[in-house]
Each structure stands twice: as C-alpha cells, then as structure tokens.
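Throughout, read-outs are computed from the coordinates displayed, never taken from laboratory work. For clarity, every value in this text was computed on a predicted model and none was experimentally measured. Ideal geometry is used to build each Cβ from the backbone, glycine not excepted, and the neighbour counts take in all protein chains shown.
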Amino acid sequence: NVLILDFGSQYTQLIARRVRELNIFCEIKPYNHLPDDLSEYKAVILSGSPFSVRAEDAPHPDLSQIKGKVPVLAVCYGAQYLAHFNGGNVSPSNTREYGRANLSYIKDGELFFDGISEGSQVWMSHSDTIKALPTGAYKLASTHDVENAAYKLEHEETYAIQFHPEVYHTTDGKKLLENFLVRIAGVAQTWTPDSFVETTVAELKEKIGNEKVILGLSGGVDSTVAAVLLHKAIGKHLHCIFVNNGLLRKNEFQSVLDQYKGMGLNVKGVDASARFLDSLAGESDPEKKRKAIGRVFIEVFDDESHLVEDAKWLAQGTIYPDVIESVSATGGPSATIKSHHNVGGLPDYMKLKVVEPLRMLFKDEVRRVGASMGINKELLGRHPFPGPGLAIRILGDITAEKVAILQEVDAIFINGLKEWGLYDRVWQAGAMLLPVNSVGVMGDERTYEKCVALRAVESTDGMTADWVNLPYEFLQKTSNDIINKVRGVNRVVYDISSKPPATIEWE
Ligand code: XMP
C-alpha cells in the first residue's frame with residue numbers, strides 16, 4: 001500500500017492513477033490528515049501544490065514519522081518543501097520552468113533513473129526553484145534550465161524531483177514511478193481487477209453475513225458493477241430496485257431489466273413513470289424539475305425498500321473521486337450521498353448502514369473490474385446518462401408526448417452512432433428537444449413543427465468537454481432519418497459548443 005500525501009495539486013489524482021496502472025494500490029490523504037498508523041505504507045509520495053513553500057499559509061506538515069523511515073518520493077512542491085526546511089534554498093526562478101523540458105544530465109548508476117536516458121522529456125510546472133540542495137543531498141538530474149531537477153538524500157531512500165512524473169508529457173514518468181515503487185521501495189504489483197474482486201467479495205461476505213442489502217440500480221456502470229460484486233458475495237440477500245421514471249431512453253427499462261435478470265441479479269423493476277410525469281406537469285424550471293424528480297425517486301425508493309423486510313444495508317455505487325477528501329475542505333469527510341437525494345427529511349432507507357464496494361476505485365478501474373467479472377462490454381461501455389434523464393433534455397415543460405418524440409430521436413441518433421462505429425469515440429451523446437417550432441415543407445404541405453439539437457462530446461470526467469467532429473455523412477443521414485421517421489420534428493441542428501462556457505446538458 002502506497003500513501004500519496006496531497007498538498008493540493010491539480011495532478012494528485014493523476015499520481016494515484018499512474019500508481020494504480022502499475023497494479024499497485026495507493027490512497028490519497030490530505031497533508032493535514034496524516035493517518036495515525038503509517039506502518040501499513042511501504043512508500044510515500046508527496047504531491048505538488050499551488051503554494052510556494054515560502055508562503056506562510058503554505059502546507060508545512062510534520063513529516064518526521066515518514067522521512068527516513070519509509071522510501072519517499074517528493075514531487076515538485078514536495079521536493080521544494082524538503083529542500084526549504086532542511087538547509088537548502090528555494091527562491092523564485094528567473095527562467096521559465098513551465099511545460100516541456102529535457103533531461104540534460106543524469107547521474108550514473110542510480111536505480112531511480114535506470115532505463116531512462118539523457119534527453120528524456122519531462123514536464124515542469126513551478127515558479128519557485130531549488131537554488132541549493134538540502135544538507136546531505138546530491139544531485140540526480142538536471143535539465144538545461146533547472147540545475148536541481150532531481151536529488152536524493154544520502155543514507156535514506158528519499159528522492160525528490162521538480163518535474164511531474166504523473167503527467168503523460170513526462171515520457172518516462174511511469175518508468176520512474178516503477179523504479180521508485182517496485183525496485184527501490186519493493187512494493188508488490190498485486191493490485192489487479194481479479195485480486196480486487198477476490199478480496200472485496202471476501203470482505204463483503206464477512207461484513208454483511210446473512211443480512212439483507214438494498215441497492216438502487218440505474219442502468220449505469222457504477223451501480224451495475226457494485227451490484228454484481230455484492231451478488232457474488234451475498235447472492236439473493238441483495239435486493240436490487242430499478243425504477244423506471246418514464247424519462248429513460250427508448251426501451252431502456254425493459255432491456256436493461258432483462259440484462260440484469262440474465263446476470264442472475266435479484267432485481268425488481270418498478271414502473272413509476274406516471275408518478276414522475278404527474279409531479280412534473282406544467283413545470284419548466286430546470287432546477288424545480290430536478291427537485292421534483294429527486295423527491296419522487298426518494299418516495300418510490302422508500303416505498304420499495306419497506307417491502308424488503310428487515311433490510312439492514314443500503315449499497316451505493318460511490319467511486320473514489322467522490323470520496324477523496326479535498327485539501328481545501330474544512331469540514332469532515334465528504335458526503336457520499338448525492339445532493340439530489342437530500343431533499344426534505346431523511347427517508348427510512350437512509351438510516352440503513354451504508355456499504356460502498358467501489359469507493360476506492362477510479363472509473364476506468366470500475367470498468368476493468370466489471371470486465372473481469374464477465375459483465376458484457378456493451379453495458380460497461382455505456383455513455384453516462386443523467387439521473388433526471390430526458391427531463392433535462394426537454395427544454396420547458398414535460399409531457400408524455402414530448403418524451404415519446406425525444407425517445408425516438410435519441411434512439412435514431414444513438415443507434416446510428418453504434419452502426420457507424422462512432423459510439424466509443426464519443427464520451428456522451430444525446431438529443432435535446434427545443435421549445436422552438438419552425439416552418440418547414442414536406443411534400444406540398446407547410447409544416448410548423450419541433451426542432452431537435454444533437455449533442456456529442458469528448459471528455460474524460462464531464463468537467464470540461466468539447467464537441468465531437470462527427471462525419472458530415474453521418475450527420476446528414478441521421479438528420480434525414482429523424483425528420484422522415486419522427487412525427488412532429490422538421491428540423492435538426494448539431495451543437496458545436498464546448499464546455500466551458502456551455503454545459504453538456506442544455507438544462
Ligand atoms: P453538465 O450539463 O453540467 O453535465 O455539463 C456534466 C455531466 O453531468 C451530467 N448531469 C447530471 N447527472 N443529475 C445527474 O445525475 C443531474 O441533475 C445532472 N445534470 C447533468 C451530464 O449528463 C454530464 O454527464
């Protein structure tokens with residue numbers, strides 16, 4: 001197990017992902033919440049930070065339990081921190097130390113740089129620089145502009161680098177992490193999807209025993225993988241509830257329900273479409289629509305969970321990015337239940353004990369774990385889909401008729417993407433029904449019908465996104481199909497806005 005001590009760098013999660021790519025388990029902790037028991041950690045990585053070590057309010061934790069006791073890799077701020085407080089000199093740099101650089105010197109015979117040659121590209125991002133090394137340190141590497149790009153402390157396994165091994169632009173970054181973690185610190189590379197499944201299933205069995213667990217399935221990757229893990233551990237004691245809010249994609253409720261049943265899950269499909277549509281009648285404000293859907297979901301889920309007699313646990317598909325404590329957080333650990341569930345008083349099911357089998361996994365690891373358990377590729381590769389579903393893709397108020405129109409349009413678009421082999425190139429796609437009628441002509445008749453917008457974006461986490469340059473031929477065919485086949489639509493437009501400043505959804 002490897003500890004990553006976070007000083008607030010935007011790249012900290014990336015360090016964790018690189019380490020996990022080496023099949024090594026690691027955890028991120030904020031620098032001001034050092035775990036009491038450090039004995040389980042075989043190596044510690046100190047992250048970068050937006051602070052200058054010379055600033056008074058910069059992170060200055062006591063590392064006496066770590067430094068010299070376990071192998072340490074100090075990155076960027078970490079490297080400067082060790083230098084600043086151990087007799088070195090850190091000052092503002094007067095040359096450019098952002099972006100691409102190349103190693104111009106590497107000390108011979110160091111395991112740390114084994115397999116990495118002079119000229120190797122590294123990525124810098126700092127405004128301070130280490131002018132003088134700390135006491136008892138020797139230089140390991142330089143670039144043309146940065147004399148002390150890497151150093152090591154004598155008589156202890158403490159390594160420091162001013163560049164970022166975690167970013168892709170540092171060509172040999174992964175090799176460097178491997179040299180440090182595997183060859184120097186001797187950490188075992190045993191964190192694989194199979195081993196995760198094996199240990200998690202054993203832990204779940206132990207923790208839950210014969211008690212009943214309730215889980216809300218959404219059709220998405222996280223809840224599905226969580227369900228399959230729990231099913232492996234406790235079989236029929238897992239009670240899954242899959243709610244149809246009437247705002248899902250065309251045929252989605254039935255086909256996903258059938259897939260779940262095919263996987264042997266104990267799942268109950270609850271069709272509450274009418275209840276959701278009633279609660280939305282006449283409402284056009286996006287946030288009020290979200291709230292109404294959240295409220296009805298809680299009511300339906302609460303009713304259903306009461307039908308599972310004597311349930312003791314609520315399972316959730318929470319993943320690691322949702323639980324990593326952020327350095328700037330002042331309060332306690334982050335809430336694990338999404339805000340759209342927190343409306344009104346606490347429903348009974350929220351008083352259950354919570355189990356979150358995926359809480360240590362990144363999204364790509366969830367997919368790999370799912371694949372190792374044999375969940376089919378199509379289910380694992382599904383685009384994200386918002387909880388409020390088509391309700392936030394129908395601008396303005398919602399009616400059953402509008403939902404039906406949008407379902408048809410969306411199905412033509414999504415099936416087209418699949419047929420043209422474009423689906424996996426796109427991170428998320430969907431259609432929006434606009435509150436706009438426009439004039440058209442079909443045959444000899446003038447029409448005055450709805451307009452739909454198609455949206456397809458590339459992204460890694462949904463925080464930023466760019467529109468996808470879909471082939472004109474595909475757009476042309478899709479537009480024709482939609483206008484010819486979907487009654488009530490006579491115009492199709494393609495959304496070419498990036499996020500920011502636009503968002504992915506239109507509401
Ligand atoms: P935006 O529109 O904010 O969307 O760029 C970013 C990602 O979040 C999804 N999204 C939601 N998911 N409830 C959800 O569960 C919501 O209310 C909601 N709003 C947006 C959106 O689909 C995209 O993946």
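Taking 7 Å steps out from each Cα toward its Cβ at SER195 and HIS155 produces label points 3.5 nm apart. For a Förster distance of 41 Å, can you work out the FRET efficiency between the beta-carbons of PHE85 and VAL323, rounded to the nearest 0.05? Given R0 = 41 Å and the Cβ-Cβ separation, E is 0.85. Listed by chain and number, the aspartates and glutamates placed with their C-alpha closer than 13 angstrom to that of LYS42 are GLU27, GLU157; residues fewer than eight positions away on the same chain are left out. Across the chain, the relative contact order, built from alpha-carbon pairs under 8 Å that are at least six residues apart, equals 10 percent. When both bridge partners sit in the range 396-507, DSSP labels roughly 75% of those beta bridges antiparallel. Exposure proxy shown here: for MET124, MET463, the number of other Cβ atoms within 10 Å sets the order, fewest to most, as MET463, MET124.
When the chymotrypsin sites (Phe, Trp or Tyr not before Pro) in the range 136-182 are filtered for DSSP coil states and for at most 13 other beta-carbon atoms within 10 Å of their beta-carbon, the remaining sites are TYR168.
State to the nearest 20 debye the size of the charge dipole of the chain about its Cα centre, where the only charges are +1 on K and R beta carbons and -1 on D and E beta carbons. Computed charge dipole of the chain: roughly 520 debye.
Computed from the C-beta positions of SER218 and ASP466, the FRET efficiency with R₀ = 22 Å rounds to 0.25.
3J(HN,Hα) couplings calculated from phi for the range 247-252 with the Karplus curve 6.51 cos²θ - 1.76 cosθ + 1.60 (θ = phi - 60°) are, in sequence order, 10, 7, 5, 4, 6, 5 Hz; Gly and Pro show x.
Listed here are the pairs LYS131/LYS499; LYS205/LYS261; LYS289/LYS450; LYS291/LYS312; which of them are more than 31 Å apart at the Cα? Show your work: numbers first, answer last.
Numbers: LYS131/LYS499 40 Å; LYS205/LYS261 22 Å; LYS289/LYS450 21 Å; LYS291/LYS312 27 Å.
Too far apart for the 31 Å limit: LYS131/LYS499.
Going from the fewest other Cβ atoms within 10 Å to the most, the residues LYS152, LYS131 appear in the order LYS131, LYS152. I need the shape label for the range 2-184. Rule: rounded when a/c is under 1.5, else prolate if a/b > b/c, else oblate, with a, b, c from the alpha carbon gyration tensor. Since a/c stays below 1.5, the shape of the range 2-184 is classed as rounded. Projecting the Cα atoms of ASN102, ASN469, ALA137 onto the charge dipole of the chain, computed from C-beta unit charges around the Cα centre, puts ASN469 farthest toward the positive end.
Close amide H pairs (under 5 Å, H built 1.01 Å from N) link VAL493 with VAL452, ALA453, LEU454, residues at least 5 positions away or on another chain.
Scanning residues 5 or more positions from LYS131 or on other chains, those with amide H under 5 Å from its amide H are ASN89, VAL90, SER91, with H placed 1.01 Å from N in the peptide plane. Compute the FRET efficiency between LYS288 and GLU211 as 1/(1 + (r/R0)^6), taking r as their Cβ-Cβ distance and R0 = 56 Å, and round to the nearest 0.05. About 0.90, to the nearest 0.05.
Placing pseudo-labels 7 Å out from each Cα toward the beta carbon at ASP271 and GLU40 gives an inter-label distance of 4.7 nm. Charges were assigned to the Cβ only: +1 to each Lys and Arg, -1 to each Asp and Glu. The resulting dipole of the range 2-184 about its Cα centre is roughly 280 debye.
Put simply, the amide H of ASN102, placed in the peptide plane, has neighbours under 5 Å in VAL122, HIS144, leaving out anything fewer than 5 places away on its chain. Run the reach check for LYS232 against aspartates and glutamates, Cα to Cα strictly under 20 Å, same-chain hits fewer than 8 apart removed. What comes back? Within reach: ASP194, GLU198, GLU203, GLU206, GLU211, ASP222, ASP258, GLU356, GLU365.
Each DSSP beta bridge with both residues in the chain is either parallel or antiparallel, and the antiparallel ones are about 45%.
In order along the range 290-295, the Karplus-derived 3J(HN,Hα) couplings, from 6.51 cos²θ - 1.76 cosθ + 1.60 at θ = phi - 60°, round to 4, 5, 4, 5, x, 5 Hz, and Gly and Pro are given as x.
Here the chain is treated as an ellipsoid with the same Cα gyration tensor; its semi-axes, largest first and in whole Å, are 48, 29, 20. With neighbour counts taken as other beta-carbon atoms within 10 Å, the residues GLU445, GLU507, GLU198 rank, fewest first, as GLU445, GLU198, GLU507.
Which one of THR170, HIS33, GLY387 has its Cα pushed farthest toward the positive end of the charge dipole of the chain, where Lys and Arg give +1 and Asp and Glu give -1 at the Cβ? Going by the Cα projections, it comes out as GLY387. Per residue of the chain, the DSSP helices (runs of n ≥ 4 H) give a summed -39500 (n - 2.57) that works out to -9000 deg cm²/dmol at 222 nm.
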